[in-house]
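To keep things clear, I will list the structure first and then write my remarks on it.
The values are calculated or read from the model by the stated rules, or taken from the named source; none is laboratory data. No experiment lies behind these values; they were computed from the predicted model shown. Here the Cβ positions follow ideal geometry from the backbone for every residue, glycine too, while neighbour counts run over all protein chains shown. Note: accessible area is taken over every heavy atom of the protein model, side chains too, but ligands, DNA and RNA are not part of it. Shrake-Rupley method; radii C 1.70, N 1.55, O 1.52, S 1.80 Å.
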Amino acid sequence: MPHQRALQPRPVERLPVLRHLDPWLEGASRNRGLAVGFAALAAAAVMGVSEAAFWGADEALNQSQARHQARNDGLRLRELLTDAETAQRGYLLTGRDDYLTPIKLAEQELPNVLSRLRGQYASSEWEALVADASRRASEKLSELQLVVKLYRDGQDTAWHGLVESDIGREKMQAVRDAVGQLDQHELAQIATERDAVVRSLNYGRIGVHGLTLLSLFGLAIFLRRNEALHAARREHAKELAQERDRLDREVARRTAELTELAHHLQTVREDERAHLARELHDELGALLTAAKLDVARIRRMTRTAAPEIDERLKHMSELLDQGIALKRRIIEDLRPSALSNLGLIPALEILTQEFAQRSGLQLSLELMEAPSDEASRLAMYRLVQEALTNVLRHAKAKHVRVSLAESDGWLQLHIRDDGQGFNPEAVGAGHHGLLGMRYRIESLGGTLQLLSAPGRGTLVLARLPMREDPQPEPAPVTAPGELGSPSPS
């Protein structure tokens, strides 16, 4: 058998970068825990960058919202005082109470607005400014309320004096200046917070994009290596398929050689049997017949002279008859003359008749004449002979049925018994009879099946393609004294 080379996957071409990464990838492939750790670390990095960007932006937005609220409170403070001062002047000019609504609104909202402002700027550098603005706003509102009260009480000189003085204007201006400073401060802080939001979003975007690109690069490397692995597997599978096909061809070739060898050995065996049968038939048959004739002649010559010698010659003649019968049985076992002279069906009839006489079994025959060549006839005859021998040895049967028929160009032979049966798969080594017949049938292009089960008998089914002899062979010459049916064993 040719030497079988080791199957190794062919190396796949790599990019230079991937060749440098191959040792790391192979290490990661061997250590799956390390690879999973790296994947988890990359996922954690993506989530960490996303969360950091979110919390940074959320903090900046919260601070920006607080500064917007402080700015709105400052503007609301200035708006309330301006509206209240305008309402006071309208009331003083017209005396109508409906002008006092903004003053009442300022009385309601101003404490809450001042409280929120003081809370917003507590513990900061603007705390003193807010406190001063709150004090002046309260004083301004008190002054407006006092002027309205004096006007209602009819103290014209008093409220004229308060209105014409610059105390209210100074307080109002101080509030406006404080609110303006706070507004500018908050606008600057809002711009800073907006920049912080943009910066946080940019950092998050850059981080996510970078990690995404890194993940895509890792995915590309993985896909590349995975494709290389699949390519290597496909190449390996292809080589395995080629090696399997080669081995199948080798097995088929060796099987054909063994089948041919078995056919050759069977042919050689049958030829040797035929040659030995002819030698026994011709040479030994002639010698035994001549000896029997000589003994008969001597008996005629000495029958009256010596009775003792005649008795011995009679016994010798009987021994020669037994020798001739033994020779006939040996010849029939080696090469049945009925098969060559009469054909397959008469030979099977004689074989089964002798088997029934020896074994005491009942045999049923269903034989149909069909054209066949010498090799097929001999194979069928030997198969029946082997099957009947096995029935006698192992089957413990009472009835055997042998049938031969033609079906769709095939010669079919069935041998069925009603014996104890067996499990064909449990038959051990050393049983070569039917195994040899299987190879013999298959070497002729046929099939042999053995069907059996414990307690259900056995069926031997053989099929051979029908062939005809190209030309009939001459029958062997029969020596004198060899005509007649073979004597039972």
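This table checks each residue for (1) touching a Ser or Thr at 6+ places or on another chain (Cβ under 7 Å); (2) under 22 Å from residue 104 (Cα atoms); (3) in a loop (DSSP other than H, G, I, E, B); (4) open to solvent by less than 30 Å² (accessible area, probe 1.4 Å).
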position	(1), (2), (3), (4)
123	no, no, yes, no
133	no, yes, no, yes
139	no, yes, no, no
147	no, yes, no, yes
162	no, yes, no, no
177	no, no, no, no
* Hey, among 48, 74, which residue is modelled with pLDDT of 75 or more, within 30 Å of residue 134 (Cα to Cα) and not aliphatic (A, V, I, L, M)? -> 74
* Asked: Which condition number in (1) under 24 Å from residue 333 (Cα atoms); (2) in a loop (DSSP other than H, G, I, E, B); (3) free of Cβ contacts under 8 Å to residues at least 24 places away in the same chain is the one that residue 356 fails?
  -> (2)
* Structure fact -> Reported set for the stretch 397-417 where residues are buried (at least 18 other Cβ atoms within 10 Å of the Cβ) and over 30 Å from residue 468 (Cβ atoms) is 397, 417
* From the residues in the stretch 201-218 that are open to solvent by less than 80 Å² (accessible area, probe 1.4 Å) and in contact (Cβ under 8 Å) with a residue 12 or more places away in the chain, which one is farthest from residue 69 (Cα to Cα)? -> 218
* Hey, any hits in the stretch 443-463 for a residue that's part of a helix (DSSP H, G or I) and either more than 21 Å from residue 403 (Cα to Cα) or at pLDDT below 85 (or both)? -> yes
* How about the stretch 169-199: which of its residues are without any contact (Cβ under 8 Å) to a residue 40 or more places away in the chain and under 19 Å from residue 144 (Cα atoms)? -> 169, 170, 171, 173
* **Single match in 361, 320 (criterion: at pLDDT 80 or above and crowded, with 17+ Cβ neighbours inside 10 Å)** => 361
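Taking only the stretch 170-200 into account, find how many residues are β-branched (Val, Ile, Thr) and farther than 14 Å from residue 65 by Cα. Don't jump to the end; show me each part of the working.
Filtering the stretch 170-200 down to residues β-branched (Val, Ile, Thr) leaves 175, 179, 190, 192, 197-198.
Filter once more, keeping what is farther than 14 Å from residue 65 by Cα: 175, 179, 198.
Qualifying residue count, the stretch 170-200: 3.
In this structure, does residue 25 turn out to be farther than 19 Å from residue 163 by Cα, open to solvent by less than 40 Å² (accessible area, probe 1.4 Å) and modelled with pLDDT under 75? Spell out the reasoning first.
On the way: farther than 19 Å from residue 163 by Cα: yes; open to solvent by less than 40 Å² (accessible area, probe 1.4 Å): yes; modelled with pLDDT under 75: yes.
Yes; evaluated as a whole, the condition is true for this residue.
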